[in-house]
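Below: the structure, in structure tokens.
Any read-out appearing in this document is the output of simple, stated calculations on the displayed coordinates, not a laboratory observation. From a predicted model like this one, the values you see are computed outputs, not experimental measurements. Because the Cβ atoms are built from the backbone with ideal geometry, glycine has one as well, and the counts that use them run over all protein chains shown.
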Amino acid sequence: MTGKTIPYGRQHITEEDIATVVETLKSDYLTQGPRIPEFERAFADYVGAKYAVAVNNATAGLHLSAVALGVKPGDKVIVTPITFAASGNCIRYCGGEVVFCDIEKDTYVMDAVKLEEMLAAAPQGTYKGIVPVDFGGYPVNLEKFRALADKYGLWILEDACHAPGGYFIDKRGMQQRCGNGHFADVAVFSFHPVKHIATGEGGMVTTDNKELYDALCLYRTHGITKNPDALQKKEEGGWYYEMQELGYNYRITDFQAALGISQLKRAEKGLQRRQRIATRYTEAFAPYAEKIRCPFVEEKIFHAYHLYIIQVENRRSLYDFLRANGVYAQVHYVPLHTMPYYREHGSAGVSLPVAESYYEHCLSLPMFPTLTDEEQEYVIEKVLAFIGK
Ligand SMILES: *Cc1c(COP(=O)(O)O)cnc(C)c1O
């Protein structure tokens, strides 16, 4: 290697991407142009949802979803602790209370068994909703979560930022893509450069529910509507619009949507490459199963591999060793319930042993479609050199 560093994730921008953006920059629209609905339609079709609403980033998309789902001050919502802060923060923006549910030790996603224990132990109506995360690209089995949500009267906000293109197989043998709207009420995706599809900043909310879709659109742009059917005063004139709710400006730009459309065309190829990289790591580490724990995969899922996470005994030393050798591995994530902010807001003294033990050992190795075979071999060589020491 030549003094270059290898990050854990990286965007891939092609000449075609650039040409598409330039073309859009030369068009009449910088912001609300034709590329946005085109991107929304293409993305909805990609994940198999009825509706998609493009937004300026996934954090805004999560907030918008919480608003559309009607989160009110004091509402209790159950969130997984192993996730990016935004999965919980969106509830806090609305004044809701975040309660954490521990993860499964193999898949690292929210544990449905523990969730049911929490729900059964509280009076009916205690909780309003749940925020599961398709963590690292591992698709949550939302069929199970939907059954619980129906039993206890909850909504589901799926944080699918890690998993566009991932799916699980349901009881009837059908593929259920992350964010397809069949089980979750809403799902949110991110187009941050380390994610599968990059638009700079950007995100998408998907749903099968027309009412939620209308609310998402309204709140995305100040709570303002010009839709003649929705107006309270009908005969004001062509200029007339109404602000009906207190909304936000969470819009994406037309040239970002153009980049998203172009990137989406390569999404399947990117997933295939991620799968191959994962297979190569897993094969290389298989002889050292006692020292390196590889991601768990079952037959009934298609892992989207946003992250390739290993667990090792001495994570801190491996992190430092890799870094000294130019490999910028990363830790995903510091458990949310241990953050000073969440400790001050209800989580002080909360103990989630599986999440905490996971955090002690986890490390995300480089995983992105343009990682070359040579770079990956270098990463493997360094990991094994450390293990052998
Ligand atoms: C990246 C990410 C977000 C936030 O995405 P932005 O587009 O950067 O706002 C939210 N949740 C998860 C799980 C993420 O990985």
Over segment 1-152 - Rg/Rh using Cα atoms and the Kirkwood inverse-distance radius
1.06
Name the lysines eligible as straight-distance cross-link partners of Lys195: C-alpha to C-alpha under 18 Å, and not fewer than 8 places from it in the same chain.
Lys265, Lys269
P(r) weight above 33 Å for the chain, C-alpha pairs, percent:
33 percent
Residue-count net charge about Tyr241 - beta-carbon cut-off 11 Å; Lys, Arg +1, Asp, Glu -1
0
Fewest first, what order do Ile301, Ile309 take by the number of other Cβ atoms within 10 Å?
Ile301, Ile309
Pull up all non-local amide H partners of Glu97: gap of 5 or more, or a different chain, and H-to-H distance under 5 Å with H placed in the peptide plane.
Gly74, Asp75, Lys76, Val77
Straight distance only, please: which lysines reach the Cα of Lys144 with their own Cα at less than 25 Å, same-chain residues fewer than 8 apart left out?
Lys50, Lys76, Lys105, Lys114, Lys128, Lys171, Lys210, Lys300
To make sure I understand the rule: partners must be aspartates and glutamates, Cα under 16 Å from the Cα of Lys26, and not fewer than 8 residues away in the same chain. Which ones qualify?
Glu16, Asp17, Asp254
Counting only DSSP beta bridges with both residues in the chain, tell me the antiparallel percent, nearest 5.
60 percent
When the helix-only estimate is applied to the chain (DSSP H runs of n ≥ 4, each -39,500 (n - 2.57), divided by the residue count), what is the mean residue ellipticity at 222 nm, nearest 500 deg cm²/dmol?
-11000 deg cm²/dmol
Give, in nm to one decimal, the length gained when the segment between Ser317 and Arg276 is fully stretched (0.36 nm per residue of separation minus the Cα-Cα distance).
12.0 nm
Which net charge results for the neighbourhood of Ser262, defined as the other residues with beta-carbon distances under 12 angstrom from its beta-carbon, given Lys and Arg at +1 and Asp and Glu at -1?
-2
Bounding extents of segment 145-300 in its principal axis frame from Cα atoms, largest first in Å, are 74, 42, 26
Ignoring solvent entirely, what values of log10 I(q)/I(0) come out of the Debye formula for segment 265-386 at 0.11, 0.13, 0.15 Å⁻¹ when each Cα is a single scatterer?
-0.44, -0.60, -0.76
Local charge sum around Asp102 (other residues, Cβ-Cβ under 12 Å, Lys/Arg +1, Asp/Glu -1)?
-2
